[in-house]
Amino acid sequence: MGAVKYSGFIPWDDDMDISLPRSDYEKFISIFSKNWSEKFWLASYRNGDDIFCYFPRVLVKEEYRLDNNLPKNNHLGFSIIDVLPIDGLPSNAIGRRFYILHVAILRALGAIWTMDVKDTVVMHKPRRQRILKIIKNFGLQKLFTQNDVYKKLEKVYTKYPFSSTWITTITGSSFSKEIFPHKMFGNGVIKEFENIKVRIPYDFDNYLKHMYGENYANEEPEVKKSHLTDKRI
């Protein structure tokens, strides 16, 4: 959305999302789990960070955030980039339905630990949150850790190759809406984003219509969450 509609950051959003094929996603985590910047750091459950999220996030280091009077947007501080893997899916519709159900169950179990964390990102609708509270009251979280659930999810996510005819970023907040025919992504096209060039889905128009509606190019959301007037950090 940002690259297509604004050639840069979305004005009302505090962070940005990037999606990477699974192999590149793994490289990203490996490289950026090190002390690579004076301003930023990568939070990941794999590194023992209390991120309460399967996918990693790039955050502003707390000292820099405080020195520059930047806001907090979650319990860890100021998150600026969500990094999502693009994974393969079963080629047939029935297989995809079972895949979605399997992921939904595991994600629901993983969400139990996040419910009482102040200022964390809530990705479940009110009805689903009520169901999660019921599950939590049964004490299932005593049988396993959140990281155990994430590891089980990882086995599901990585079962099918990126070369599959269907691919997904189902780890994102839109869940099963984030399922696409691989040809929609193709080899991608290059677009300007601020002062850099980024690769986006080849059929980006239909991708954005699928995600945000037919009139995505002209509409803006009623709720705008950005706390920044200048996106440069």
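The values are calculated or read from the model by the stated rules, or taken from the named source; none is laboratory data. Note that the structure is a prediction, hence the values are computed from the model and not measured. Counting neighbours? That spans all protein chains shown, and the Cβs are built from the backbone with ideal geometry, glycine included.
Screening Ile105, Ile86 for residues that are modelled with pLDDT of 95 or more and of a type in the set (A, V, I, L, M, F, W, C) leaves exactly one candidate, Ile86. Taking the range 4-121 as the region of interest, the helices (runs of 4 or more DSSP H) fully inside it that hold 2 or more residues being touching a helix residue (DSSP H, G or I) at 6+ places or on another chain (Cβ under 9 Å) and surrounded by 14 or more Cβ atoms within 10 Å (Cβ to Cβ) are 22-32, 93-111.
Of these, Val117, Val122, which one is under 14 Å from the mean Cα position of the chain (by Cα) and at pLDDT below 90?
Exactly one of Val117, Val122 is under 14 Å from the mean Cα position of the chain (by Cα) and at pLDDT below 90, namely Val122.
Whether any residue in the range 185-201 is assigned to a helix (DSSP H, G or I), at pLDDT 95 or above and in contact with a Pro (Cβ under 6 Å, 6 or more places away or on another chain) is what I want to check. Yes, there is a match, as at least one residue in the range 185-201 is assigned to a helix (DSSP H, G or I), at pLDDT 95 or above and in contact with a Pro (Cβ under 6 Å, 6 or more places away or on another chain). Scan the range 130-151 residue by residue and report those that are surrounded by fewer than 16 Cβ atoms within 10 Å (Cβ to Cβ) and closer than 22 Å to Leu84 by Cβ. Within the range 130-151, Asn147, Asp148, Lys151 qualify.
What are the residue pairs meeting all of these: first residue in the range 1-30, first residue touching a residue at least 12 places away in the same chain (Cβ under 8 Å) and more than 19 Å from Glu178 (Cα to Cα), second residue hydroxyl-bearing (Ser, Thr, Tyr) and not in a loop (DSSP other than H, G, I, E, B), Cβ atoms under 8 Å, and 6 or more apart or on different chains? Hits for this filter: Asp14/Ser79. The set of residues from the range 152-165 being exposed (fewer than 14 other Cβ atoms within 10 Å of the Cβ) and outside any loop (DSSP other than H, G, I, E, B) comprises just one member, Lys155. Is it the case that some residue within the range 146-153 is at pLDDT below 95, of a type in the set (Phe, Trp, Tyr) and closer than 25 Å to Gly48 by Cα? There is no residue in the range 146-153 that is at pLDDT below 95, of a type in the set (Phe, Trp, Tyr) and closer than 25 Å to Gly48 by Cα.
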